[in-house]
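Enquirer: Dumping the structure here so I can ask a few things about it.
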């Protein structure tokens, strides 16, 4: 199926084309026709499956873009409010549809000004309820959408949502999107929806087929080395690294920056303005590596994330699906990489069973593998490089004192020195060791204490990184995927 099959208005279809969307995801394919028919919908699908476009495109298509608020989207967090608002703006701008983002922690006056100029409000429950109860705004939306309904329930917003709906007396089309369907959400749906269509994306559809899923096994002490080696080897365009704890985010960002990467972190202790700056920098390509906790990254919507790294394995399969759904969007290919120790193998196997997808084990590239890869990339860069007029002048000056072969050797030596590979040659377990570990774990019988603590071969090897891995990486200007990262151990780190 193609997006053109929905027969959207030309301005909406043009915006879809600009966004690079090609084929609808399962939730989009199932939900959009029912929404276009004017039916209330309950949709169960994980984050990263395209829910915003699933409700946003049909609603935008049905809006008249007049002077009134026609649509209201209620979301659990400020970050998600900003992301959904950006997405709706992207799809609605050619139709002259304006959005207003409403959340706590910012002045009422500015938000009310935006609301008065908008056609869509994207709001968190607390601030929206305050505006409605105080009479600062009066709206009668034709479309009301609850996004991440289960998350709002977990955050204690159920009473606010019920209260918000008491302010809307006129008939409206109501849509509810949720990753899970606990009983409280089902009861809420019965109260606020009218004879809804129920759509469920099953577990076998929960992970995007455009995402390759791999894992690597190493000792706990090798995590940092493994992460840097894999990032260097895969040369990704844009990366999200997920950590479990806030302090881990801060520590890892410091380590990555010291190793020459353009990295920033996001977690709950950061001020709202600081969080907005970090997200904007990542979306605009000023930051290559984005390190975040699960909660902080919820709702983050960036279509060109090439790789997602699970620095630590998530606590459950649902978090895993949320995390890896940040890549492989809008028809693009993505890769999800999980770093585990031997003792975490069972937890990964449980996730694999829950999501119904195969997670492939691989070896961490050796130092020699990385050198070979960088040489191949360098050859490709040279072959595809454009000749500048200034380079001809430099060649003329150089040939006055040396031959062309010597010039070529010196230039290549200079480039290779800037991309010097740090660390030891071998990190983590090889495929044969991992295969033995899998067999051994399969034969183990977990004890009442949670299982015997058997260390697989290589699982307790304390491999420390040789050298500080430091450097200054310059290469953000070339965004074609073959960035020339210049690294020097004696650089000035700021």
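The values are calculated or read from the model by the stated rules, or taken from the named source; none is laboratory data. Please read all numbers here as calculations on a predicted model, not as lab measurements. Here Cβ is always computed from backbone atoms with ideal geometry, including for glycine, and neighbour counts include all displayed protein chains.
Enquirer: Counting just the residues of segment 241-266 that are over 26 Å from residue 376 (Cβ atoms) and buried (at least 20 other Cβ atoms within 10 Å of the Cβ), which one comes out nearest to the chain's Cα centre (by Cα)?
Expert: The extreme case among them is 242.
Enquirer: Any chance you could count how many residues in segment 117-143 are more than 32 Å from the chain's Cα centre (by Cα) and closer than 21 Å to residue 172 by Cβ?
Expert: Qualifying residue count, segment 117-143: 8.
Enquirer: Next question, about the same structure. For segment 327-358, which residues satisfy the criterion of being at pLDDT below 85 and assigned to a loop (DSSP other than H, G, I, E, B)?
Expert: Hits for segment 327-358 are 328, 329, 330, 331, 332, 356, 357.
Enquirer: Name the one entry in 45, 19 that is modelled with pLDDT under 95 and crowded, with 24+ Cβ neighbours inside 10 Å.
Expert: Matching residue, one of 45, 19: 45.
Enquirer: Looking at the structure I just gave you, is residue 12 part of a helix (DSSP H, G or I) and either at pLDDT 95 or above or in contact with a strand residue (DSSP E or B) (Cβ under 8 Å, 6 or more places away or on another chain) (or both)?
Expert: yes
Enquirer: Listed residues 60, 72; which is touching a helix residue (DSSP H, G or I) at 6+ places or on another chain (Cβ under 6 Å) and modelled with pLDDT of 90 or more?
Expert: Just one listed residue meets the conditions, 60.
Enquirer: Residue 207: at negative phi, surrounded by 18 or more Cβ atoms within 10 Å (Cβ to Cβ), at pLDDT below 90 and in contact with a strand residue (DSSP E or B) (Cβ under 8 Å, 6 or more places away or on another chain), yes or no?
Expert: Yes: the conditions hold for residue 207.
Enquirer: Right, here's the next one. Would you tally the residues in segment 209-232 being within 21 Å of the chain's Cα centre (by Cα) and in a loop (DSSP other than H, G, I, E, B)?
Expert: Adding up the residues that qualify gives 2.
Enquirer: Just one of the numbered conditions (1) surrounded by 17 or more Cβ atoms within 10 Å (Cβ to Cβ); (2) closer than 22 Å to residue 192 by Cβ; (3) within 30 Å of the chain's Cα centre (by Cα) is not true of residue 155; which one?
Expert: Answer for residue 155: the failing condition is (1).
Conditions (1) touching a strand residue (DSSP E or B) at 6+ places or on another chain (Cβ under 9 Å); (2) outside the structural domain of residue 279 (by TED's automatic domain parsing); (3) crowded, with 22+ Cβ neighbours inside 10 Å, marked per residue:
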{"position": "23", "(1), (2), (3)": "no, yes, no"}
{"position": "31", "(1), (2), (3)": "yes, yes, yes"}
{"position": "60", "(1), (2), (3)": "yes, yes, yes"}
{"position": "72", "(1), (2), (3)": "yes, yes, yes"}
{"position": "77", "(1), (2), (3)": "no, yes, no"}
{"position": "80", "(1), (2), (3)": "yes, yes, yes"}
{"position": "96", "(1), (2), (3)": "no, yes, no"}
{"position": "105", "(1), (2), (3)": "no, yes, no"}
{"position": "114", "(1), (2), (3)": "yes, yes, no"}
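Enquirer: Next question. How many residues does segment 35-61 contain that are within 14 Å of residue 175 (Cα to Cα) and not in a loop (DSSP other than H, G, I, E, B)?
Expert: Residues in segment 35-61 being within 14 Å of residue 175 (Cα to Cα) and not in a loop (DSSP other than H, G, I, E, B): 16 in total.
Enquirer: Being at pLDDT 75 or above, more than 36 Å from the chain's Cα centre (by Cα) and surrounded by 13 or more Cβ atoms within 10 Å (Cβ to Cβ) narrows it down to one residue among 437, 398; which is it?
Expert: 398
Enquirer: Looking only at segment 82-94, count every residue that is buried (at least 23 other Cβ atoms within 10 Å of the Cβ) and free of Cβ contacts under 8 Å to residues at least 24 places away in the same chain and tell me the total.
Expert: Within segment 82-94, residues that are buried (at least 23 other Cβ atoms within 10 Å of the Cβ) and free of Cβ contacts under 8 Å to residues at least 24 places away in the same chain number 0.
Enquirer: Also, quick follow-up: Does segment 137-144 include one or more residues that are within 20 Å of residue 181 (Cα to Cα), surrounded by 15 or more Cβ atoms within 10 Å (Cβ to Cβ) and touching a residue at least 24 places away in the same chain (Cβ under 8 Å)?
Expert: Yes, segment 137-144 has at least one match.
Enquirer: Shifting gears a bit: Go through segment 330-380 and give me each residue that's free of Cβ contacts under 8 Å to residues at least 60 places away in the same chain, under 20 Å from residue 210 (Cα atoms) and surrounded by 15 or more Cβ atoms within 10 Å (Cβ to Cβ).
Expert: Hits for segment 330-380 are 351, 352.
Enquirer: I'd like to verify a number: residues in segment 257-276 that are in contact with a helix residue (DSSP H, G or I) (Cβ under 8 Å, 6 or more places away or on another chain), part of a loop (DSSP other than H, G, I, E, B) and modelled with pLDDT of 85 or more, how many?
Expert: 2
Enquirer: Tell me, which residue of segment 408-429 that is in contact with a strand residue (DSSP E or B) (Cβ under 9 Å, 6 or more places away or on another chain) and at pLDDT 85 or above is nearest to residue 218 (Cα to Cα)?
Expert: Looking at residues that are in contact with a strand residue (DSSP E or B) (Cβ under 9 Å, 6 or more places away or on another chain) and at pLDDT 85 or above, I get 428.
Enquirer: Tell me which residues, restricted to segment 145-159, are without any contact (Cβ under 8 Å) to a residue 40 or more places away in the chain and outside any helix (DSSP H, G or I).
Expert: 156 - this is the single residue of segment 145-159 that is without any contact (Cβ under 8 Å) to a residue 40 or more places away in the chain and outside any helix (DSSP H, G or I).
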